[in-house]
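> My structure is below; once you've seen it, I'll send some questions.
The values are calculated or read from the model by the stated rules, or taken from the named source; none is laboratory data. Keep in mind that this is a model prediction, so the values were computed, not measured. Every residue, glycine among them, receives a Cβ derived from its backbone with ideal geometry; neighbour counts consider all protein chains shown. When the accessible area is computed, the model is the full protein with side chains, heavy atoms only, and any ligands, DNA or RNA have been set aside. Shrake-Rupley method; radii C 1.70, N 1.55, O 1.52, S 1.80 Å.
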Amino acid sequence: MNSPAHPHEPLSRFARVSQMLMAGSLGVMAVAVFINVVLRYGFGSGVAASEELSRLLFVWMVFIGAAAAYPAGEHMAFTSLAGLLAKRPVAFGVLTAVIRLLVIAASTMLAWGAWQQVVVGMGSRSVVMAYPAALLPLPAFLCAVAIGVMATIELIQRKPLDLGHGAEVE
């Protein structure tokens with residue numbers, strides 16, 4: 001029996017994939033650090049790549065999480081003004097559009113700066129693992145592009161702001 005398609009299926013899939021990637025990154029980081037600690041304190045040696053790998057995975061995990069948090073409405077929001085305007089549809093719509101435009105502008109600036117760092121990093125490699133240094137700023141670029149695209153889609157669809165944060169409204 002087929003269930004009806006959920007209207008937010010791509011976002012649900014995006015959320016699941018993001019969570020799996022973050023969990024995998026966290027798991028690899030935990031194992032790498034644990035092994036390194038045991039080797040250093042137990043045997044007086046260690047794995048030099050452990051720290052570099054953990055740093056790289058942490059950066060990726062943070063930006064994957066930031067991109068996944070946007071469609072879920074999990075980023076910090078100061079909804080006091082928007083809440084006051086919720087009963088005035090025209091003003092609320094204008095404020096929503098301005099907020100989305102600001103998100104798109106911030107995403108564009110982050111993507112531009114991160115891309116410049118990716119280009120610079122293409123010519124160098126990390127010290128221990130010798131991965132391209134461009135892998136460190138790349139997740140910031142991808143996150144900014146993802147959030148910018150999602151905000152653009154919301155702007156085009158005129159999706160209203162989600163004020164349903166209950167007690168978290170500031």
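> Residue check, Ala72 against (1) modelled with pLDDT under 85; (2) in a helix (DSSP H, G or I), all met but one. Which one?
Failed condition: (2).
> Within 25 Å of Val128 (Cβ to Cβ), exposed (fewer than 14 other Cβ atoms within 10 Å of the Cβ) and not polar (S, T, N, Q), is that true of Ile35? Lay out the reasoning, then the answer.
Numbers: within 25 Å of Val128 (Cβ to Cβ): yes; exposed (fewer than 14 other Cβ atoms within 10 Å of the Cβ): yes; not polar (S, T, N, Q): yes.
Yes, satisfied.
> Let me ask another. Does Met122 meet the test of being over 21 Å from the mean Cα position of the chain (by Cα), under 25 Å from Ser54 (Cβ atoms) and touching a residue at least 60 places away in the same chain (Cβ under 8 Å)? Break it down into steps so the answer makes sense when it comes.
Values: over 21 Å from the mean Cα position of the chain (by Cα): yes; under 25 Å from Ser54 (Cβ atoms): yes; touching a residue at least 60 places away in the same chain (Cβ under 8 Å): no.
Considered against the rule, which asks whether it is over 21 Å from the mean Cα position of the chain (by Cα), under 25 Å from Ser54 (Cβ atoms) and touching a residue at least 60 places away in the same chain (Cβ under 8 Å), Met122 comes out as no.
> Restricting the search to the range 75-105, which residues are exposed (fewer than 12 other Cβ atoms within 10 Å of the Cβ), within 16 Å of the chain's Cα centre (by Cα) and in a helix (DSSP H, G or I)?
None; the set is empty.
> I'd like the full set of residues that are touching a residue at least 40 places away in the same chain (Cβ under 8 Å) and under 14 Å from Gly148 (Cα atoms), limited to the range 83-105. Step through it out loud before you land on a result.
Initially, the range 83-105 is screened for residues touching a residue at least 40 places away in the same chain (Cβ under 8 Å), giving 83, 86, 92-93, 95-97, 99-101, 103-104.
Matches in the range 83-105: Ala97, Ile99, Arg100, Leu101, Val103, Ile104.
> Tally time: how many residues in the range 115-135 are in a strand (DSSP E or B) and open to solvent by 90 Å² or more (accessible area, probe 1.4 Å)? Break it down stepwise before answering.
Step one: of the range 115-135, the residues in a strand (DSSP E or B) are 125, 132.
Okay, now just the ones that are also open to solvent by 90 Å² or more (accessible area, probe 1.4 Å), so 125.
The qualifying residues number 1.
> Could you grab me the full set of residues in the range 132-154 that are of a type in the set (A, V, I, L, M) and free of Cβ contacts under 8 Å to residues at least 40 places away in the same chain?
Taking the range 132-154 first, the residues of a type in the set (A, V, I, L, M) are 133-136, 138, 140, 142, 144-147, 149-151, 153.
Answer for the range 132-154, where residues must be of a type in the set (A, V, I, L, M) and free of Cβ contacts under 8 Å to residues at least 40 places away in the same chain: Ala133, Ala134, Leu138, Ala144, Val145, Val149, Ile153.
> The conditions are (1) open to solvent by 70 Å² or more (accessible area, probe 1.4 Å); (2) farther than 18 Å from Val149 by Cβ; (3) in contact (Cβ under 8 Å) with a residue 24 or more places away in the chain; (4) of a type in the set (Val, Ile, Thr), and Thr108 fails exactly one of them. Which is it?
(2)
> Just one of Ala134, Ala144 is at pLDDT 95 or above and under 12 Å from Trp115 (Cβ atoms); which is it? Don't jump to the end; show me each part of the working.
Details: Ala134 fails: at pLDDT 95 or above.
Only one candidate qualifies: Ala144.
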